[in-house]
Every structure is written in structure tokens, then in C-alpha cells.
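Contents: one structure, followed by commentary.
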């Protein structure tokens, strides 16, 4: 089985964040058996699948036939940024800051960006916790603290299926139906 990692762009380069789960790797391997080409969208949890002239995307084990991808992309600014970058669209430079990042990393990000800055929460929509015209490290650190204080410790809610092979079978059944593929 292949090994893939989720990656994160930082001022000092690209960092491996976590290993992609076996259930997703099994989906990708099964797709290859059916002649479906795939590509990991850099710096996201998304994959692009292509069969002939048809293109679909999926987020982990969620099939692209749902509207979860659009919702996920709209709710997560970092994912939306990376989708736009992958489409060769020009966007402002930015980096993801997590509450468990070392303060040294916070300063690397601050020093790597052109001022004034905008600092905002990654998740959610609207203008909650948007800080603009930040020029000093003091303002920058205060904005980060305010965002964490407002949103609290972020939690990701998800569920893993107990049987990976069932996920792969369900996903491939949807793909075969959508693209008219025969079962191998």
C-alpha cells in the first residue's frame, strides 16, 4: 500500500502533518484498478479523481456526489485558499496557525507576511473574529489570542467506519454508477 501524508505550507517550507488513513488509500488503489487517475490537492484533505473527461473530488471517505465538499470548502478558509491556488488563481499569501503551534512559528509567519495583516478564524463564515490592519507583533499576537478565546479549543467531529472494506465498496459502487464502469 502506498504512503501519503497531509502537508502544510509554512514559512520554512512544506511540513508533513499526518499520514493519510488506510481507508482513503484503499479507495485510491481501487480507483486505479478501474483506470481512474487521482491527484491529492496540496495542503487539503481532498483528492481529485479523473476518468476520461470526467472529474470528481472527494474528502476522505465522503463521495463527491454529496454536497459535503462545497460545505467543507466554504466553512474552512484554509481549504478554500488551497483549492483556489490549485486552480492557478491568484490569492494573497497566508499561513495556517494552530493553537498548539510554538510561538516561534507565530513569529515566522508574522515576519514572512507583508503588513498590514488580516488575521481571522479558519473555520466558520461571516466576519466573526476578523482582525484587520495589523502592523505590530503585539497586535498580531492579541488577534490570535482573541480568536482562540472567542472560539475556544477547536474540536473536529468525525467518525471512522469500523469496516474499511464496506466504505471502499460503497464508494466504488457510487463511482461505477456515476461513470458507467463495470465491476472488476
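The values are calculated or read from the model by the stated rules, or taken from the named source; none is laboratory data. Here the structure is a predicted model, which is why all the values come from computation and not from measurement. For neighbour counting, all protein chains shown are included, and Cβ atoms are generated from backbone atoms with ideal geometry for every residue, glycine included.
The figures follow:
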{"quantity": "Residue 119 being in contact with a strand residue (DSSP E or B) (Cβ under 6 Å, 6 or more places away or on another chain) and modelled with pLDDT of 75 or more", "calculated": "yes"}
{"quantity": "Checklist (1) modelled with pLDDT of 80 or more; (2) closer than 30 Å to residue 34 by Cα applied to residue 95, failing item", "calculated": "(2)"}
{"quantity": "Tally of residues being modelled with pLDDT of 90 or more and within 19 Å of residue 18 (Cα to Cα) across the stretch 49-77", "calculated": "0"}
{"quantity": "Selection count, the stretch 122-146, where residues are in a helix (DSSP H, G or I) and either modelled with pLDDT of 85 or more or within 20 Å of residue 73 (Cα to Cα) (or both)", "calculated": "6"}
